[in-house]
Amino acid sequence: MQLLTLPPSPALATSVRATAQVFADPKSQALLAHLQQIAPSDASVLIIGETGTGKELVARHVHNLSKRRGGPFVAVNCGAFSENLVEAELFGHEKGAFTGALSAKAGWFEAANGGTLFLDEIGDLPLAIQVKLLRVLQEREVVRLGSRKSIPIDVRVLAATNVQLEKAINAGNFREDLYYRLNVVSLELAPLRERPGDVLPLVRHFIGEYSRRLGYSEIALDRDAEEKLLAYSWPGNIRELENVIHHTLLICRNDLIRAADLHLSNLRIERQEETAPSADESAEALLQRAFQKLFEEDCGALHARVEAALLRTAYRFCHCNQVHTANLLGLSRNVTRAQLIRIGELVVNKRRSLLPPTSRRRVDLSI
């Protein structure tokens, strides 16, 4: 059985990324075989999978199996930067390109020269940046912000998404030509609930990893606990499993994990049971009934609560994709981003020093 892990990083403590991946289940073994076939080439790869399924781990493995393994592997989350900042980060900028650009800086493409650039959440890129990205992929050269000089690059691009880009294309949110440029080869990662053979190997890995960090002796897992782990649907995939094991090791006793020690979320099940609509009840009727219940409870600040719930639900329905959430709600991406930050669904990226003054002022006011 092959195990992949991410390099240690303080940022992983608050990330939703999977930090380990195994290939024990037949579905995972088929993925590994396909991955080993395509890795040696220089073809662009589109990795598709839910949040927490290990897309970056797969991308790193493709890099490590390729002829570029001696070069850099640069991983970038396209959804972590504002629209104004992402261009400078991707393609670099010259000194004085905008207020705050006190020196020239190479972008991600230049940083990955001779190696692999992994663009996570590619569906979050604004359309204007998609056009420039397409040109870079076609011409194999970048032009820094504030410059007219082309810089040749030698980079293999791997991209990942947790949404269906075909739907984004139909909705006008993603360029079809860029999709075909990125999707020379596609790797689809099944969610953890569809590959149960990977669950216990991952559990044993995380038990060993966190036991070592906590200074524990060997921890055992009883049969009832195993069955409970296998029966759970893992909506948060590998990252949720890791968090469950970490928490369990903190509370288990006598070096044994029992079923009662496993705190698995049943929130989705409860919601399905409580809100199961009758066959002839419309979504609007259900919504009116929910509002009526809130009015009767009279908890106060209803507008803020409902707005936050709507944003949170839409964001998760869109698999944490800001662009798609904005389109679903009929808002701009910048307004959606600001509101998601306000309700705590999105962590503020502190690297805003490169923004022009007008852009910085707009972001600060929105927070």
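Computed from the coordinates by the stated procedures, all read-outs in this text should not be read as laboratory data. Computed from a prediction, not measured in an experiment: that's the story for all the values here. Because the Cβ atoms are built from the backbone with ideal geometry, glycine has one as well, and the counts that use them run over all protein chains shown.
I need the trypsin sites (Lys or Arg not before Pro) found in the range 72-151, filtered to DSSP loop residues with at most 15 other beta carbons within 10 Å of theirs.
Numbers: sites: 95, 105, 132, 135, 140, 144, 148, 149; in loops: 95, 140, 144, 148, 149.
Within the range 72-151, the qualifying trypsin sites (Lys or Arg not before Pro) (loop, at most 15 other Cβ atoms within 10 Å) are 95, 140, 148, 149.
Cα to Cα, under 18 Å, and not fewer than 8 places away if on the same chain: which lysines meet these conditions relative to residue 55?
Of all the lysines, those that pass the test against residue 55 - Cα under 18 Å, at least 8 places apart if same chain - are 27.
Kindly flag which residue pairs out of 132/167; 95/132; 167/228; 105/132 have an alpha-carbon separation exceeding 24 Å in this structure.
Too far apart for the 24 Å limit: 167/228.
Using the basic label-point model (7 angstrom from Cα toward the beta carbon), what is the residue 103 to residue 37 distance in nanometres?
4.8 nm
Work out how much length residue 222 to residue 141 would gain on full extension: take 0.36 nm times their residue separation and subtract the Cα-Cα distance, in nm to one decimal.
Values: separation 81, 0.36 × 81 = 29.16 nm, distance 5.64 nm.
Extra length from residue 222 to residue 141 when fully extended: 23.5 nm.
Counting Lys +1, Arg +1, Asp -1, Glu -1, what net charge surrounds residue 68 among other residues with beta carbon under 11 Å of its beta carbon?
Working: positive: 67, 69, 156; negative: 42, 154.
Net local charge, residue 68 excluded: +1.
Hey, what did the range 151-247 get for relative contact order, percent, Cα under 8 Å, at least 6 apart?
Details: 44 pairs, mean separation 26.9, N = 97.
Answer for the range 151-247 is 28 percent.
Counting Lys and Arg as +1 and Asp and Glu as -1, what is the net charge of the other residues whose Cβ lies under 15 Å from the Cβ of residue 211? Write down the numbers at each step before the final one.
Details: positive: 204, 212, 213, 253; negative: 209, 218, 242, 255, 261.
Neighbourhood net charge equals -1.
Which FRET efficiency, nearest 0.05, do residue 312 and residue 186 yield, Cβ-Cβ r, R0 45 Å? If you can, show how the numbers build up before the last one.
Working: r = 30 Å, r/R0 = 0.67.
So, using R0 = 45 Å, E works out to roughly 0.90.
Could I have the simple spin-label model distance between residue 95 and residue 214, label points 7 Å from Cα toward Cβ, reported in nm to one decimal?
Placing both labels 7 Å beyond Cα along the Cβ direction yields 5.3 nm.
Rounded to the nearest 0.05, what FRET efficiency do residue 64 and residue 204 have when you use their Cβ-Cβ distance and R0 = 22 Å?
Working: r = 23 Å, r/R0 = 1.05.
So, using R0 = 22 Å, E works out to roughly 0.45.
I want the local charge near residue 345. Using Cβ-Cβ distances under 15 Å, sum +1 for each Lys or Arg and -1 for each Asp or Glu among the other residues. Don't skip to the answer; put the middle values down first.
On the way: positive: 305, 312, 316, 333, 337, 342; negative: 121, 124, 307.
Value of the local net charge: +3.
Under a crude label model (7 Å from the Cα following the beta-carbon direction), how far is residue 149 from residue 132 in nanometres?
Placing both labels 7 Å beyond Cα along the Cβ direction yields 1.8 nm.
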